[in-house]
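Peer 1: Sharing a structure with you now.
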C-alpha cells in the first residue's frame, strides 16, 4: 500500500468515526512520544546499548517525516530525562555523542522539509559543543513552519513545574493573580500546544515524568514495539485509535 493510499485510509477512518459519532475528534494535530526501548532493542541483538540509541535516531527521523505526511503540526519527543543522568558515565557520554551526531546526520533533511526544532528542558549540563549545536539548529529553523518538533532534553516534568513556580515567586506576582494561564506562561515552552495524543513505545505503561502539566487531558496510546522499530504504520495506527475516542475534558 502506497503512502498516499495509507493517508487516505487514515482519513477515511477519521471521517467514518466522526460520522458515526460527531463527538469524536477527527485528527490529533499535536502528538507527544516517549521513545522507549533502545536498550532492550540492542540487547536482543547482542549489540552495545549505544547501537540501540543510534537506531533510535533513525526511528525519530522516519517518524518525523511520517508526521509531516500525516498532517501533524506539533510533535514533542522525550529524548533525555533528568533521571537519565543516573545511568553509567559511559552511557551518558555515548548519548551526548549520539545527540551531536544526530544533529549533523539526521536533521539537515528534516530542516529542508520545513521542520522547526526547539529544545525544552535544561541544557547547561550538556557538553559545550552540543549546546552550541542545539542553539544553532534552533536559529537555523526558526522560520520553518511545516512541523514544530519539540525535543525534551535533560527534561523532567516535576522540575519544569518547580521552575515555573520559582519564576513566579521571583517575579513578585500577586498570589491572587496566579491561575493556570499564568503558570503555563512560565513553563519551558509556553508556545507548545498541549498534546492531543501521547504515544509510549516498548510496552511500558507509565508517563515517566514527561509533560506532567501538558498531558492533563491527553489521550494515551501504549504500543509494544520497541522504539527503534517504530515507524509510519505504528504512528498511523495510534492516530486511528485516537480518532475513535471521545474526549470529554472532565465533562459528560
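Peer 1: Where in the stretch 47-114 are the helices (runs of 4 or more DSSP H), entirely inside, with at least 1 residues that are closer than 26 Å to residue 243 by Cα and in contact (Cβ under 8 Å) with a residue 24 or more places away in the chain?
Peer 2: 49-69
Peer 1: In the list 139, 167, 123, which residue meets the criterion of being without any contact (Cβ under 8 Å) to a residue 40 or more places away in the chain and not in a helix (DSSP H, G or I)?
Peer 2: Answer to the check: 123.
Peer 1: Pick out the one residue from 198, 211 that is at pLDDT 95 or above, part of a loop (DSSP other than H, G, I, E, B), in contact with a strand residue (DSSP E or B) (Cβ under 7 Å, 6 or more places away or on another chain) and under 24 Å from residue 153 (Cβ atoms).
Peer 2: 211
Peer 1: If a residue has to be buried (at least 16 other Cβ atoms within 10 Å of the Cβ) and more than 16 Å from the chain's Cα centre (by Cα) to count, how many in the stretch 71-86 make the cut?
Peer 2: Residues flagged as buried (at least 16 other Cβ atoms within 10 Å of the Cβ) and more than 16 Å from the chain's Cα centre (by Cα) within the stretch 71-86 amount to 1.
Peer 1: If you scan the stretch 190-203, which residues turn out to be surrounded by fewer than 19 Cβ atoms within 10 Å (Cβ to Cβ) and more than 16 Å from residue 216 (Cα to Cα)?
Peer 2: The answer is 191, 203.
Peer 1: When you look at residue 130, is it in a helix (DSSP H, G or I) and crowded, with 20+ Cβ neighbours inside 10 Å, yes or no?
Peer 2: Here the answer is no, as residue 130 does not meet what is asked.
The values are calculated or read from the model by the stated rules, or taken from the named source; none is laboratory data. Owing to the predicted nature of the structure, the values given are computational and were not obtained by experimental measurement. Note that each Cβ is placed from the backbone with ideal geometry, even for glycine, and that neighbours are counted across all protein chains shown.
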